[in-house]
Amino acid sequence: MALSLRHSFPTDPQTYWTKIFFDEEYNRRLFVDTLGFRLYEVLEQREEADGTKVRKVRVRPASDPPAAVKKVMGEAPTSVEEGRWDPKTMRYTFHVTPGTLPDKIKITGETRTEKTGEKSMDRIVTATPSVSIFGIGGILESFIERTMRDSYERGAEFTKRFIAEKGL
């Protein structure tokens with residue numbers, strides 16, 4: 001099951017990557033204030049000599065998993081997203097490792113941008129959740145896809161407000 005989302009923003013790709021995507025205030029307001037994550041903790045964020053940015057974040061979303069998922073993963077599962085942004089391709093590739101059953105659940109993806117005008121761009125996110133747990137794999141994959149889709153949709157609206165508020 002693959003997820004593909006596209007959102008338009010009234011800014012350029014360079015501004016998006018340098019003043020929004022990696023901005024501490026933006027991320028806190030997005031994940032904690034807007035999406036209601038119960039935990040958002042930056043474990044590592046650094047820039048390498050070639051401009052590549054590396055980020056590692058531990059999160060606990062606010063979403064309430066289905067009963068079958070809670071039975072296997074617990075009430076409040078956390079996960080760690082590790083990602084790399086390549087300044088040459090302007091692509092952020094990521095993989096998410098859950099705190100429970102990391103050998104059975106995998107989420108990989110990519111975020112990229114396309115300039116659509118002088119002060120406009122599209123953000124394209126593709127992600128693939130994969131669950132290999134007998135009996136609930138499909139349920140969990142559907143839950144992950146639905147949760148990610150909802151978070152990105154709500155996050156896109158916040159991003160537009162943030163851009164307007166900051167004049168970006």
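No value in this document is a laboratory result; all are computed from the given coordinates. Computed from a predicted model, the values in this text were never measured in an experiment. Cβ placement follows ideal geometry from the backbone for every residue including glycine, while neighbour counts extend to all protein chains displayed.
Which pairs break 24 Å Cα to Cα here: 115/166; 70/160; 56/119; 70/106?
70/160; 56/119
What is the distance in Å between the Cα centroid of segment 34-61 and that of segment 122-163?
Each part's Cα centre sits 17 Å from the other's.
Can you tell me the relative contact order of the chain? Whole percent, Cα pairs under 8 Å, sequence separation 6 or more.
28 percent
Pull out the extension gain between residue 71 and residue 156, defined as 0.36 nm times the separation in residues minus the alpha carbon to alpha carbon distance; nm, one decimal.
Using 0.36 nm per residue and subtracting the Cα-Cα distance, I get 27.4 nm.
Would you mind ranking 50, 12 by Cβ crowding within 10 Å, fewest neighbours first?
50, 12
If you line up the long axis of helix 137-166 against the longest principal axis of the chain, both from Cα atoms, how many degrees apart are they, to the nearest 10?
Value to nearest ten degrees: 20.
Match the structure shown to one of the listed values (1) 16.1, 50; (2) 15.5, 48; (3) 19.8, 65 of Rg and Dmax of the Cα atoms in Å, computed from it, and give that label.
It is the value labelled (1).
Can you list the chymotrypsin sites (Phe, Trp or Tyr not before Pro) in segment 113-168 that are in a DSSP coil and have 15 or fewer other beta carbons within 10 angstrom?
Passing sites in segment 113-168 are 134.
Counting only helical runs of four or more DSSP H residues, what would the 222 nm mean residue ellipticity of the chain come to if each run contributes -39,500 (n - 2.57) and the total is spread over all its residues?
About -8000 deg cm²/dmol.
If neighbour count is taken as other Cβ atoms inside 10 Å, put 89, 126 in order from fewest to most.
If I rank by nearby Cβ atoms, fewest first, I get 89, 126.
Order these by the 10 Å Cβ neighbour count, fewest first: 90, 73.
Going from sparsest to densest Cβ surroundings: 90, 73.
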